Amino acid sequence: MSHKVMNSDLPVRKCPKCGASSTGNFCHGCGAPIRQDVCANCQAELSPGARFCHECGTPTGSGSRSSGPNRLPWVLAAAAVVVSILVLVVRDGAPAPGPAMQGSSPRPSVGAPDISSMTPLEQADALFEVVMIALERGDTAQVGFHAPMALGAYANLDSLDADAQYHVGLLRGAIGDHDGMLAMADTLQAIVPGHLLATTLRKAVAEARGDSAGVQEAYRRFLSDYGSEATTNRREYLLHQRSIDAFLAEARRATVGEGN
């Protein structure tokens, strides 16, 4: 009986059907196809049986990225590696950077737990952290890639607390959706009139639009509400204390001579 000899110039792969080692596009033992497909979107080699590209997330049966109701499972899967290395940053209680935060962001720790140990809210918050770090570093490619993931993760939650609403507002601003950012500011202020973080969102939009009068109005509103709001110990204020302190100092500098 003759034996087929494997071509040493080709990579050796294990047959997904019988487990035999073979080269080429078909198993030398059972004849099953074992060719590694190439992603039609980014040209990365795909593992046998892969449903999505491990590099860009494109479904293996399509040359374009998926959209619609089935997108979220891929969003969380594609972000798993990034989220897992940042989870310690979020769990350690480090405040997420806001519009006025100064200084560099904490570097992610290694050896973080798997994403499966995180709640859906923790996953969304960790993705938010990814976007904010990329935003501070000026990495627009990462912002554009991860911000939709983070927004999708928040959208999948049953409800959003004030902190999550603020995060969504910042994410909207990160992708240039200023109307969406203002909508989240309105939502926060509808629940808590004079909410400090809602005012920081409004200032960010006014600044992006070149509305100097709107920026000054946001500063004045923030200073007017700060006295009563700062004593409430709202959870979102505690989580973003550095941002609030920085915005307070900025507002005071900008309104010198106005009686504040």
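Just so you know, all these numbers are worked out from the coordinates, no wet-lab data involved. The structure presented is a predicted model; accordingly, all values stated were derived computationally and were not measured.
Before moving on, here are some points about what is shown:
- Fully extended contour minus Cα-Cα distance, from Asp211 to Thr255, at 0.36 nm per residue: 14.2 nm
- The calculated Kirkwood hydrodynamic radius for segment 119-176 is 11.0 Å, given to one decimal from all distinct C-alpha pairs.
- Added length on full extension, which subtracts the Cα-Cα distance from 0.36 nm per residue, Cys18 to Glu136: 37.5 nm
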